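Beneath this line is the structure, given in structure tokens, with notes to follow.
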Amino acid sequence: MRFGKKISKMKFIQKNLLLTASGIAVFVIFHTCYGWQTLLPSNISWLMTMKHDWGMHYLGWHFYKNEAWQFPIGQINNYFSPIGTNVGFTDSIPLFALFLKPFARVLPEDFQYLGLWLFLCHLLTAYYTIRLFNLFKVSALFTFIAVLFIAANPVLIYRGLHPALCAHWLLIAGVYVYFLDPHIINKNKILLHQFILLMISALVNPYLCFMVLGFTFIIPLKLFFFNGLKAVSVLKYLAGSIGSLLFIFYIVGLITIGKKEDLAVSGGYGIYGLNLNALFNPQGFSSYLPQLKWVSSHQYEGFMYMGMGMYFLVFVLLIYGLFSFVNRKNAVKIPKTNLSFNHIPLLPLICLMILFTLFSITHVVTLNDKVLFTIPIPKVMISLGEIFRASARFFWTPYYLIVFIIILGITGSTLKVPVKLAILLVALIIQFYDTRLMLTYRHLTHGAYEPQINSNNWRQLMKEFDEIVFYPPFQATYLTNMDYQQFCYLAAIERKPINIGYLARTNYSAMRSYSDSIKADLEKGKLFGNKLYVTTLSNLQHFSFALQTGSAKLNILDNYCYLYTAGKDDKKLSMLSNTFNEINRDRIDSASEKFSKKVSFAKTNKFKATENDNITYFIEKDRVEDNYIMISGWAFIKSSQRNKGDSTFLVLEGEKGIYSAPAKLQERPDITSYFKRPYLDDAGFNALITTDSVQKGLYMLGIGIKNKTGKVVYQLTKKQMAIGVPAFPTEKKATGLPPYGDIAFNAEVIEMDSTDIRISGWAFYRNQGANGCKISVVLKNNETIYILPAEVVLRPDVTAAFKGPYNLDNSGFTVKIMKRSIDKGNYQLGIQIKDLKKDFTRMVFTGREVQVW
């Protein structure tokens, strides 16, 4: 009895010593890689100064903790506003975010848990390595060496760039649960352990969750086929697991009812696939091996380098296996356990690893910088792959199994213990020397974070507004790399919504709708008094009309332009802006001269109506409002080989007179390339011209070009402009739609602002010309169908592009709709064409939506 107690006590001491030593080793590894300061909750400097995904992870949490609870419970509104996002789509680890949000009021403003999470990932990786090696009866000393290999393995260290994806312990835990002996541990406990892992993974990251889900399938199947688990129990377990998983996703907001985030990325599957050289490509992190080539830089996701220490162990095993085969006496033996290791119980695990491996490689098989071949696969696999586009990550579990098998091969050999210890220690030294750059290359800052912009000035500005609006919206970089992080950080502190950011998944449809809306408002000169608009000099042209009409005031701070409505009566704001502008007076004057100078139509008699085809042109965009027109496109004299120095004029010609105004040059090297001329870069133009001096009426648009010799060429287009008279079509509700037809189409532009919708594009019946056809736009939802006649837009480019025998010049269309004349809702966009000569009508849906709100 005493002897037995003594053995038990020794095992207890060994166990605790192993856990303690492993914990200390993990801390040393973590400190070497990241520095212990990253564990300090108040230290956000290392996250925000890297200008990488770490900033997104922290900002997602920062905005989330400051917002009120709502449903779904992971929703964030003020980041990436007005669309918002979810704490899961910022990879902010919902597991921690949900737990800590109730304590937001008592937490410091700058509070982060990502350092603690990274440390726990390493610690739990070590813990489950110990649990797994205990199943194989591996001694404490050898298990500790295995912990050093696994806790500092290159893939885990590399993946530190995405903390949520560092939970590799979930995968090792899945392997551990798979090998649990149901004769020793109750089957229900095994299944419960796996269920808990699945629920945790659901609140960590979808990629890891899907990998853990693989174990959720094969573990009950293994118990069913080999350990007597009833089929009903398997079905109940799988149904309960999947149901619980979907429930968590739903209440957190990672999945929603109806259209929202675009989980799939079209064409993404295959780009991020696993290169066949992955296990041997150190990607510049080896002291011995050179970096191998890739097919594309996206294959960084397939970093699976094992390290020279592991290759040394492989070499030893090969020599040992060869020696054993020759002697046939010292074959490799796995230590005796209570587990069954014949090939049948391993079949589910082997099948899962094969599936993960094939999915990670994708149907585009690559080696170094060569595509070996592409395999045709079902569309359903493509769709799944586009959701999990970084498919190379799915090799993580096979990777760890390979590492475990190699180490177990050494520890389970019949070599003497001192020899095995010497081999493992030599391998460990080689491994750490080989990967030393990876272990030490991060030099992270710590302490207080201070953005590179003037925080105090920007915060004072933000306090005066309800919302921060960047234009263009939803970008990550404006003037400096990832500068969105600086402004989002300040907006989070001030509790202000901001329309920029960076996300793992986004709602592209909502993004387009909002972008079109804000763009249309700016083109009308509409700025809202509660919003601070921020842009760059390169994008200031979009504010031209507001600046020309004096409805907005231009200011510059830290080389960013900020604007707000001129009618905002705020003395403090005016004093702040005047102080900032004094420092940037020259830049403001230069920008004002370029963008604030008002351009108007003037009456003229210099141009004579003509229909001569002397000018090649295309009107890409035109807009007529109450007191201005906005037109952009390109034009050049047809005979011109070089148009350097040519200037373009826009002309309105009607019964009330002829008016002209200059257009601004917009460089278009694509025109030179398309028409294969020496130089047509000066063909592009854009114009924002007030129509105050133009008498109301209908006018034809003309284009005039003056070349560098002074010669003027003028030509009327077929574009009609309604100045001061109604231009909206009369919408007609329909009870039904004509049959589908063989129609080629492209709905190129869908723009919305607070009052209007504009839709433009081209459409024609295949195998016939576009003359004699009337185009209408169709808006349809479950309750209503609207038919809106469109205006013809001349599109010679469509004729040229299709290179057929038919004239498609009249295939262009545009329509402007007043929002108040349309019931609110989501509408399918369709195009209807009536052939006036043959008297028949057909239509087609475009696959796009128009949201009226």
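The values are calculated or read from the model by the stated rules, or taken from the named source; none is laboratory data. This structure is a prediction, so every number in the text was calculated from the model and none was measured. Note that each Cβ is placed from the backbone with ideal geometry, even for glycine, and that neighbours are counted across all protein chains shown. Keep in mind that these areas ignore ligands, DNA and RNA; they rest on the heavy atoms of the full protein, side chains included. Shrake-Rupley method; radii C 1.70, N 1.55, O 1.52, S 1.80 Å.
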statement: Those residues of segment 429-470 that are open to solvent by less than 70 Å² (accessible area, probe 1.4 Å), farther than 20 Å from L59 by Cα and among the aromatic types (F, W, Y) come to a total of 2
- prompt: Among the residues of segment 671-681, which ones are of a type outside the set (S, T, Y) and either touching a Phe, Trp or Tyr at 6+ places or on another chain (Cβ under 9 Å) or surrounded by 14 or more Cβ atoms within 10 Å (Cβ to Cβ) (or both)?
  reply: I671, F675, R677, L680, D681
- request: Can you work out which of the residues in segment 579-604 that are closer than 15 Å to P662 by Cα and more than 36 Å from the chain's Cα centre (by Cα) is least open to solvent (accessible area, probe 1.4 Å)?
  value: F601
- prompt: Is it the case that some residue within segment 800-808 is within 33 Å of the chain's Cα centre (by Cα) and either under 17 Å from R758 (Cα atoms) or surrounded by 14 or more Cβ atoms within 10 Å (Cβ to Cβ) (or both)?
  reply: no
statement: Going through segment 366-376 in order, the residues found to be surrounded by fewer than 18 Cβ atoms within 10 Å (Cβ to Cβ) and either part of a strand (DSSP E or B) or at pLDDT below 85 (or both) are L367, K370, V371, L372, F373, T374
message: For segment 617-663, give me the residue count where each residue is at pLDDT below 90, surrounded by fewer than 22 Cβ atoms within 10 Å (Cβ to Cβ) and touching a helix residue (DSSP H, G or I) at 6+ places or on another chain (Cβ under 9 Å).
response: 3
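Table: residues versus (1) under 23 Å from R495 (Cα atoms); (2) touching a strand residue (DSSP E or B) at 6+ places or on another chain (Cβ under 7 Å).
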position: G23; (1), (2): no, no
position: T49; (1), (2): yes, no
position: Y64; (1), (2): yes, yes
position: T85; (1), (2): yes, yes
query: Out of all the residues in segment 109-137, which are closer than 23 Å to L203 by Cβ and not in a helix (DSSP H, G or I)?
result: F111, Q112, Y113
task: Evaluate the following for A476: is it in contact with a helix residue (DSSP H, G or I) (Cβ under 6 Å, 6 or more places away or on another chain), surrounded by 20 or more Cβ atoms within 10 Å (Cβ to Cβ) and hydrophobic (A, V, I, L, M, F, W, C)?
output: no
- request: Among what's in segment 638-654 and is over 43 Å from the mean Cα position of the chain (by Cα) and touching a residue at least 40 places away in the same chain (Cβ under 8 Å), pick the residue that is nearest to P796 (Cα to Cα).
  value: S640
field: Single residue of segment 516-538 satisfying the filter (polar (S, T, N, Q) and open to solvent by less than 30 Å² (accessible area, probe 1.4 Å)) that is nearest to V624 (Cα to Cα)
entry: S517
task: List the number of the failed condition for F845; all other conditions in (1) assigned to a strand (DSSP E or B); (2) hydrophobic (A, V, I, L, M, F, W, C); (3) open to solvent by less than 30 Å² (accessible area, probe 1.4 Å) hold.
output: (3)
message: With the condition being of a type in the set (S, T, N, Q) and either within 30 Å of I387 (Cα to Cα) or within 24 Å of the chain's Cα centre (by Cα) (or both), I'd like the helices (runs of 4 or more DSSP H) fully within segment 449-540 carrying at least 1 qualifying residues.
response: 484-493, 508-523
message: Name the single residue that is least open to solvent (accessible area, probe 1.4 Å) among those in segment 809-834 being in a strand (DSSP E or B) and of a type in the set (S, T, N, Q).
response: T814
- request: With the condition kept exactly as written, say whether any residue in segment 300-323 is assigned to a loop (DSSP other than H, G, I, E, B), open to solvent by 20 Å² or more (accessible area, probe 1.4 Å) and over 19 Å from F142 (Cα atoms).
  value: no
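Please find, within segment 1-43, the residue that is most open to solvent (accessible area, probe 1.4 Å) out of those that are of a type in the set (V, I, T) and at pLDDT 90 or above.
Out of the qualifying residues, it is I24.
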- prompt: Tell me, which helices (runs of 4 or more DSSP H) wholly within segment 168-282 include 1 or more residues that are of a type in the set (V, I, T) and open to solvent by 60 Å² or more (accessible area, probe 1.4 Å)?
  reply: 187-202, 231-252
